[in-house]
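Visitor: Below is one structure. I have some questions about it.
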Amino acid sequence: MSDRLRVVLVDDHAMVRAGVRAELGDAFDIVGEAADVPAAVSVITSTHPDVVLLDVHLPGGDARAVLDACLNAVPGTRFLALSVSDAPEDVVATVRGGARGYVTKAISGEDLLDAVRRIAEGDAVFSPRLAGFVLDAFSGAPAERDDELDRLTPRELEVMRLIARGYTYREVASELVLSIKTVETHVSAVLRKLQLSDRRELARWAAARGVV
């Protein structure tokens with residue numbers, strides 16, 4: 001019987017899964033893959049892997065939906081978020097949901113190998129700048145709610161933040177691996193929910209709240 005760590009990959013982009021598999025496949029046993037929430041829950045609960053590499057935004061829900069469905073069913077499995085998003089609200093929500101760590105897709109292959117091993121051993125692992133978000137969130141200081149921000153979905157928050165930073169629709173689409181049409185749809189939803197008229201107002205709104 002192999003003593004190699006057993007890993008499941010959850011990401012809605014096949015090319016991302018293929019890249020991660022190429023980086024990890026020689027060191028670990030990749031025992032399953034999934035592209036959405038239902039498939040992720042199914043493969044995780046049927047294979048009981050040591051570690052799940054879990055994207056934060058998925059068709060059919062998000063990382064929290066997977067965590068909520070799996071934590072009690074596979075108590076020996078540990079979850080490491082691997083996401084393009086470095087938004088504090090995504091990091092904190094995913095860790096509160098039960099993930100043992102959170103790294104961005106900018107991580108090197110060598111560092112990802114190390115992160116998976118450390119997660120399997122029970123450590124908590126975070127990309128350097130993300131650790132502060134978690135420390136702040138769990139420091140005991142009550143977090144202030146922003147009712148307007150709460151109207152937005154995690155994906156809308158991602159799009160909003162990039163647009164507010166001055167990204168074009170094409171650049172946002174490339175960064176988040178979305179179609180330009182989907183980006184336009186998200187921006188329209190953000191403007192409508194926040195009752196803003198254009199991108200300039202959105203940029204000022206985001207800067208005033210420190211979420212750019």
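Visitor: Among 190, 177, 103, which one moves the most in a GNM of the chain with springs linking Cα atoms closer than 10 Å?
Guide: Taking springs between Cα atoms under 10 Å, the residue moving most is 177.
Visitor: Give the average over all directions of the projected area of the C-alpha convex hull of the chain, one decimal, in nm².
Guide: Orientation-averaged projected area of the Cα hull: 12.0 nm².
Visitor: Further question on the same structure: Take residue 22 and residue 179, extend 7 Å from each Cα along the Cα→Cβ direction, and tell me the distance between the two endpoints in nm.
Guide: 2.6
Visitor: Rank 94, 77, 185 by mean-square fluctuation in a GNM of the chain with C-alpha springs under 10 angstrom and give only the top-ranked residue.
Guide: It is 185.
Visitor: Given Cα positions, please report Rg to Rh for the range 147-208, the hydrodynamic radius being the Kirkwood one.
Guide: A ratio of 0.92.
Visitor: Ok, one more. Determine the sum of side-chain charges near residue 107: Lys and Arg each +1, Asp and Glu each -1, restricted to other residues whose C-beta is under 11 angstrom from that of residue 107.
Guide: -3
Visitor: Which three lengths, in whole Å and largest first, does the range 61-139 cover when its Cα atoms are put on their principal axes?
Guide: Each principal axis gives a Cα extent; for the range 61-139 these are 30, 25, 25 Å.
Visitor: Something else: So how do 121, 33, 201 line up by other beta-carbon neighbours within 10 Å, fewest first?
Guide: If I rank by nearby Cβ atoms, fewest first, I get 121, 201, 33.
Visitor: Still on this structure: How do 12, 68 rank when sorted from fewest to most other Cβ atoms within 10 Å of their own Cβ?
Guide: 68, 12
Visitor: A follow-up question, please. Springs between alpha-carbon pairs under 10 angstrom, Gaussian network model over the chain: which of 30, 107, 119 fluctuates most?
Guide: 107
Visitor: Would you calculate, for the chain, the mean residue ellipticity at 222 nm contributed by helices, counting each DSSP H stretch of 4 or more residues as -39,500 (n - 2.57) and dividing by all residues, to the nearest 500?
Guide: Roughly -14500 deg cm²/dmol at 222 nm, from the helical runs in the chain.
Visitor: Can I ask one more? Where in the range 81-98 does the amide nitrogen come within less than 19 Å of the point 7 Å from the Cα of residue 148, taken along Cα to Cβ?
Guide: 88-89
Throughout, read-outs are computed from the coordinates displayed, never taken from laboratory work. Quick caveat, the model's predicted, so the values are computed rather than measured. Glycine also receives a Cβ, built like all others from the backbone with ideal geometry; neighbour counts cover every protein chain displayed.
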